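Quick notes on the structure that follows.
None of the figures in this text is laboratory data; all of them are computed from the coordinates on show. Bear in mind that the values here come from a model prediction, so they are computed numbers and not experimental data. Cβ placement follows ideal geometry from the backbone for every residue including glycine, while neighbour counts extend to all protein chains displayed.
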Amino acid sequence: MRVLFARVASGLLLTLFALLLPIAPILLAVTTGKLSFVRRYPTTVRKSITHMRQLIVTEALTRFFSGRGHQPEADVAAIGGHCNRCGNCCLDRKCMFLEVDGENRVACGIFGTTLRALGNCGDYPGSQYEIDLYDCPTYYVIPISQLKSRTTRDRTAHPVDTETVFGESR
Ligand code: SF4
């Protein structure tokens, strides 16, 4: 039932996006404060279409509405690792807001805006399911059992490296 609701909600939102496509550059400029969306109108519309297609291919909206990617897994204590800015989780590098530097590392072009906060990008990854989904090369799940045994062992050796365990660089 939850997945059905998510699919319907996703379909309705994508339909709304499609209807708003002609004024998408204006809406994006207003919501992000970036006038470049309007200045580069044809590019923004073209990227919007690609973005919508990727939302369908990756079922990102369905997962957003159903919460599948964030369902707690039985043996997950924390997410470890860091982001190497490969862009896999950015709709397989086809997110319209993606910016790529000279070393092929990605950055979010709308980082810090309300529009980004509305999505679930900042929460990635929340589970092994999501790590696998985008083939993230650097984050990993730390099982509860592993964390417990490590904490016990480290009490006598050295403290747990919380920066690595809780992924401060995310
Ligand atoms: S979170 Fe993982 S998949 Fe996403 S950009 Fe960083 S390293 Fe790549």
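Each label point was placed 7 Å from the Cα along the Cα-to-Cβ direction; for Asp135 and Arg93 their separation is 1.0 nm.
What FRET efficiency, computed as 1/(1 + (r/R0)^6) with R0 = 30 Å and r the Cβ-Cβ distance, is obtained for Glu59 and Arg39, rounded to the nearest 0.05?
0.40
Summary of packing: across the peptides 8-19, 120-131, the per-residue average of other C-beta atoms within 10 Å ranks them, highest first, as 120-131, 8-19. Under 5 Å from the amide H of Val76 lie the amide H atoms of Ile144, each residue being 5 or more positions distant or on a separate chain, with H modelled from the backbone and absent for Pro and chain starts.
Compared with the direct C-alpha span, the chain from Ala78 to Met1 gains 24.8 nm at full extension, assuming 0.36 nm per residue.
Determine the shape class of region 1-92: with a ≥ b ≥ c the square roots of the Cα gyration tensor eigenvalues, call it rounded for a/c under 1.5, and otherwise prolate if a/b is greater than b/c, oblate otherwise.
Working: a/c = 2.67, a/b = 1.48, b/c = 1.80.
Oblate shape, in that a/c is at least 1.5 and b/c is the bigger or equal ratio.
Between Gln128 and Glu103, how high is the FRET efficiency from 1/(1 + (r/R0)^6) when r is the Cβ-Cβ distance and R₀ = 25 Å? Nearest 0.05.
Efficiency, from the Cβ-Cβ distance: 0.30.
Give me His82, His51 ranked fewest to most by other Cβ atoms within 10 Å of their Cβ, as a rough exposure proxy. Intermediate results must be reported in sequence, preceding the final value.
Numbers: His82 13, His51 19.
Lowest count first: His82, His51.
Along region 32-42 the Karplus relation, 6.51 cos²θ - 1.76 cosθ + 1.60 evaluated at θ = phi - 60°, assigns HN-Hα couplings of 10, x, 9, 5, 4, 4, 7, 4, 10, 3, x Hz to successive residues, with x for each Gly and Pro.
Modelled spin labels at Thr50 and Val8, positioned 7 Å past Cα toward Cβ, are 3.4 nm from each other.
Close amide H pairs (under 5 Å, H built 1.01 Å from N) link Arg40 with no residue at least 5 positions away or on another chain. Residues Met52, Met1, Met96, arranged from fewest to most other Cβ atoms within 10 angstrom of their Cβ, appear as Met1, Met52, Met96. Rank these for me by crowding, Thr114, Thr50, Thr138, Thr44, going from fewest to most other beta carbons within 10 Å. By the 10 Å Cβ count, ascending, the order reads Thr114, Thr50, Thr138, Thr44. A straight chain from Phe111 to Ile144 at 0.36 nm per residue would run longer than the Cα-Cα distance by 8.7 nm.
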